[in-house]
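Reviewing the structure listed below.
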Amino acid sequence: MQTILRPRLSLDNGKETNKESTTLEPLHFSYNNSSNNNIKSETTTQRRTATTMAPSITREIVFFFLAGVGSTVAWTAVLSNLVYYTSIFGTISFPVLNVAVYFPLLPTSLAQAFWDTHYDAMFGSLGAFSFRGSIAFFFMCITTLLIPLARHSLPLLTTMTFIIGTASAILYGTLNQLASLVFPDSGALPAAYTSGLQASAGLVLITSLGTGFGGTQQHGGGVRAEWEFYGVISVLVGVSWFAFVRLISTSHSVRRSMDMRDSSLTQQDIASLSAPFLDDNSNNEAKESLGERMLSSSSSSSSALCFALFLVRFRLFFFADSDAP
């Protein structure tokens, strides 16, 4: 309802004339608010939609972060104890364990570049991603828990470290690709996953200080401290595994992106992928994919290695007084 004022016409002997008086008369009329109401309802709907989508994105960011922690926490724990293993096996353990961690990255990246798309087309992207991630997390969790059994055997320790390095390489390729497929226009998920890769070093340091495991064989905290240390690390891997399973099974965004990926794999693509090493187009696609993975993995691995070396130097400083004769 709106009110305006209009001039009142003067009356001459009871008759209305064309002369206007100076007295103003209020005029009342109503108008339709339907257009304004529609605009308000659309704005409210958009706000509700944004509010509904925000928790889903936040949950996926958390899941990718936790999965990133589990991808590197195990081998970071092994490399952070190089002082301890050097006191037992000698200086040869330093290059051997580093090679066991980083060597699987190259052949694993090659295998994923050439064959991942082929098996995604055969079994479905969602199932293939879930299988690769779960198998890698399973072997990493079990192997990390059993590392204390190799405290007197360098070949056994090297084999276990190689398994952990291979599982970490599989997880890196799988989750990095998954993060790029979900919300491809946003870099939030790749950033969350990379942050988790780096954050694992801090968790290893906290676990080491909490369990007292580190230093030389004489002052490393003993067998019990070693079991506690790797037990906590394996629990962290298990938590990351659980986050990965929840991400794959409950995220509608992940399922939608996997469905879109499956729909893009036509019958012609499947036929060309049946012999990936013999098809020129497949080889070119594999080379491009391999180049991107190696470029991103080299920077991430270099950063993680710097964190691991920092932990080693920190332990040398922290346990220097206790190890002195």
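Do we find a residue being among the acidic types (Asp, Glu) and open to solvent by less than 60 Å² (accessible area, probe 1.4 Å) anywhere in the stretch 163-185? For the stretch 163-185, residues among the acidic types (Asp, Glu) and open to solvent by less than 60 Å² (accessible area, probe 1.4 Å): absent.
Just the residues that are touching an Asp or Glu at 6+ places or on another chain (Cβ under 9 Å) and either among the aromatic types (Phe, Trp, Tyr) or in a helix (DSSP H, G or I) (or both), please, taken from the stretch 181-211. The answer is 183, 188, 189, 192, 207, 210, 211. Of all residues in the stretch 84-109, those that are under 12 Å from residue 169 (Cβ atoms), modelled with pLDDT under 90 and open to solvent by 30 Å² or more (accessible area, probe 1.4 Å) total 0.
Residue by residue, here is whether (1) hydrophobic (A, V, I, L, M, F, W, C); (2) touching a Cys at 6+ places or on another chain (Cβ under 8 Å); (3) at pLDDT below 95 holds:
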site: 141; (1), (2), (3): yes, no, no
site: 145; (1), (2), (3): yes, no, no
site: 151; (1), (2), (3): no, no, yes
site: 157; (1), (2), (3): yes, no, no
site: 160; (1), (2), (3): yes, no, no
site: 179; (1), (2), (3): yes, no, yes
site: 184; (1), (2), (3): no, no, yes
site: 188; (1), (2), (3): yes, no, yes
site: 198; (1), (2), (3): no, no, yes
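Considering only the stretch 122-138, state which residues are of a type in the set (Phe, Trp, Tyr) and buried (at least 17 other Cβ atoms within 10 Å of the Cβ). 129, 137 - these are the residues of the stretch 122-138 that are of a type in the set (Phe, Trp, Tyr) and buried (at least 17 other Cβ atoms within 10 Å of the Cβ).
The values are calculated or read from the model by the stated rules, or taken from the named source; none is laboratory data. Please read these numbers as outputs of a predicted model, since none were measured by experiment. No Cβ is skipped: glycine too gets one built from the backbone with ideal geometry, and neighbour counts run over all protein chains shown. To get the accessible areas, we keep the full protein, side chains included, count just its heavy atoms, and leave off ligands, DNA and RNA. Shrake-Rupley method; radii C 1.70, N 1.55, O 1.52, S 1.80 Å.
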